[in-house]
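Structure record follows, encoded as structure tokens.
The values are calculated or read from the model by the stated rules, or taken from the named source; none is laboratory data. What you are looking at is a predicted structure, and each value in this text was computed from that prediction instead of being measured. All Cβ positions, even for glycine, are placed from backbone atoms using ideal geometry, and neighbour counts span all protein chains on display. Note: accessible area is taken over every heavy atom of the protein model, side chains too, but ligands, DNA and RNA are not part of it. Shrake-Rupley method; radii C 1.70, N 1.55, O 1.52, S 1.80 Å.
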Amino acid sequence: MSVMVTCDEVPNKSIRLLPRITADSVRLVWAAAPRLLIVSIVLKLLNGVGLAATLVFGRDLISSVLAADAVKPGIGAVAPQLATVVGIVAAIGLITAAGREVREILSETTARHAKQAIIDVAAKVELSAYETPNFHDRLLRASAAEHRPIQMVDGVVGTIGSIASIGGIVVALLTIQPWLVPLLFLAGLPLLIGVVKAGQAMFGFHLRMTTVARARGYLYRLLTAKDPAKEVRAFGLAGYLTARHTALYDQHMAELRKTTRKRFRIAVISTIGLSLALGGGLAGLLALALSGRLALAETATAAAALLILGERILTTVNNIGDLYEAGLFVEDYTTFLATAPHQHGHTGTWPAPAKFDRITVDNVSFTYPAANGPALREVSLEIQAGQVIALVGENGSGKTTLAKLLSRLYLPAAGTIRWDGTDTADLDPDELHRRIAVIFQDFARYDLTARENIGFGAVEHVDDQSAVQAAARHAGADSYLSELPKGYETILSPEYDGGRDLSVGQWQRVALARAFIRDAPLIILDEPTAALDPRAEHDLFRRIRSLYKGRTVLLISHRYNTVRDADHIYVLDEGQIVEHGDHDELMAANGVYAELFTLQAAAYTGRRSDDAAR
Ligand code: ADP
């Protein structure tokens, strides 16, 4: 087994992008929680000031102790200074504690803000985006990047702090031995290149492993979630799936080890470079001291400053490296947010009409992004307001695809779908969706209350108990829903306390109720009754006209006998409409419909086929 690994090369993003990405990060955190950001930075600065103050006041205290000792012993003389130092230490403790808590909230607020932006984009893009692996990869990476902006802000504050401390030492060194300064900065340069390469390596690792991570996440859900649990057990799949999960994790770990080894090699080279520079500097100082050209005190001070500066440069460059690495993720995240709505966004802006007289499907073709051939080829049909139209055909003939196009979940690749002459591609999709109630075979089963499961058909009425109950009554679901422990407030999932599951047929009635409650002129039912028993199905289909009086219904089925009462029946085969007409016309034409209707009726009733056709 193997999973296709997208070998996106790490884009060669120069460190020059860092200021822009840093600004993006600060903007993100600022947008999420401006006040908290300010408080957090102020607390960090206070912390720094506090540390400096401890040193200054501590030194004064020690001097006073030394002085006091000589003149008049006793703690009283130094008590105020002692109290000051203790006070500062206590203040630092409090500032640190407060800083930690503020940062926690700031971090989570930023993550929440970042997540919300992802949700907004994910909810807005065209459904076809979900058909492309690249969208899923980018979505996963964006979701994983939610803590990166705050990491960058931390990094910036930390880097500014360490650059400030470097400044002090540089000034000191410049007064003693100026040549040491450029030497160390030269040594810092390969170090900087090193951390940039290391950051790219880590980002590249995540880029390469995104698809693997998704596949792994999927297997994990298969092994831990409720819905697949029954098949996993019944078919004894746990071992096989676990082995796949392990193999993918091995792949992840192998790649991670390779990446960490690469990073370590980079670190070794740059550390050796820095050490050589430090060694050279020290050797130079010692040579100067030994030849008597530099006083001992100056040599010692310069050597100490050199060592401290070396360590600070290392820390700072590592800080910048972390910043750069986090920046690559932030950039990935921000470009996803910026480009996804354009790549996968819709264009229609015209308000959708409240109703229609006629829907015209004209020469529509459609190919799924992940398919080789078209699912629909030059399909044309017409739906008049108030009609019950049926779409029949074998599995895979394109019925669901046509339903998805009619409900404006996809746009046709060629041809048009028009509402009274207006191309639906020009209409605002959200508004158009409000005019259509569609129930697919694989309708959603929400782990929420029965009321919500029905009310979601018209979310503005989700709290309207009587509307929900009326819809349930229409769909024949009221009898068992009102019997539930908490009635309509029962969660339809045993994963929650007091929750209950329903049978497949009962779920289907809930889905039908969801379509009933939506006050839409067009109802699309894609095999809504497949799990109902034949009598219930028959009842429902007989009632459809009266249930949806005044509305237009598109009924999809692969059972021919269920749609015979429709006003017009379209027969799909391999993505094309091969026949259409009402039941009598199609039977008289003696084509595919007549043949399959007769065949199915015979299989169902067990009677001879020519009997059944009558
Ligand atoms: P039906 O509803 O008549 O059973 P569908 O409309 O679901 O048929 O499918 C029509 C064709 O499109 C089939 O060949 C199916 O394999 C293909 N198909 C359906 N969904 C997708 C998809 N998301 N990606 C690629 N191909 C698809």
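General observations
- Extension gain for residue 240-residue 464 works out to 75.9 nm (0.36 nm per residue, less the C-alpha to C-alpha distance).
- The Rg/Rh ratio for region 310-352, using Cα coordinates for both the radius of gyration and the Kirkwood hydrodynamic radius, is 1.46.
- For the pair residue 311 and residue 473, label points projected 7 Å from Cα toward Cβ lie 8.1 nm apart.
- Helix 504-517 axis, angle to the chain major axis (alpha carbon atoms, nearest 10°): 90
- Taking only protein heavy atoms and a 1.4 Å probe, the accessible area of the chain is 60% carbon and sulfur.
- The angle separating the long axis of helix 34-71 from the principal Cα axis of greatest extent in the chain is about 20 degrees.
- Positive-end residue of 175, 406, 201, charge dipole of the chain with Cβ unit charges: 175
- Förster-model FRET efficiency, 35 Å R0, residue 275 and residue 89, C-beta, rounded to 0.05: 0.50
- Nitroxide proxy distance, nm - points 7 Å out along Cα→Cβ at residue 298 and residue 480: 9.5
- Positive-end residue of 466, 190, 249, charge dipole of the chain with Cβ unit charges: 190
- Net charge of Cβ neighbours under 10 Å - reference residue 470; Lys, Arg +1; Asp, Glu -1: -1
- Between the listed residues 356, 34, 310, the Cα displaced farthest toward the positive end of the dipole of the chain, a dipole computed from Cβ unit charges relative to the Cα centre, is found at 310.
- Its Cα centre serving as origin, the chain has a Cβ charge dipole (Lys and Arg +1, Asp and Glu -1) of approximately 2220 debye.
- Around the amide H of residue 576, modelled in the peptide plane, lie the amide H atoms of 377, all under 5 Å away and 5 or more residues distant in sequence or on another chain.
- For the chain, averaging the sequence separation of C-alpha pairs within contact (under 8 Å, six or more residues apart) and dividing by the residue count gives a relative contact order of 14 percent.
- Placing +1 on the Cβ of every Lys and Arg and -1 on the Cβ of every Asp and Glu, with nothing else charged, gives region 195-286 a dipole about its Cα centre of roughly 120 debye.
- Rel. contact order, % - alpha carbon contacts under 8 angstrom, at least six apart, region 156-313: 38
- At a probe radius of 1.4 angstrom, the accessible area of region 190-271 per residue rounds to 57 square angstrom.
- For the chain, the longest principal axis of the C-alpha atoms and the axis of helix 465-475 are separated by about 50°.
- Rough spin-label spacing in nm, given labels placed 7 Å along Cα→Cβ, for residue 362 and residue 247: 5.2
- One decimal place: the segment residue 130-residue 231 gains 33.8 nm when fully extended, by the rule 0.36 nm per residue minus the C-alpha distance.
- Normalising the average separation of contacting C-alpha pairs (under 8 angstrom, six or more residues apart) by the number of residues puts the relative contact order of region 368-424 at 23 percent.
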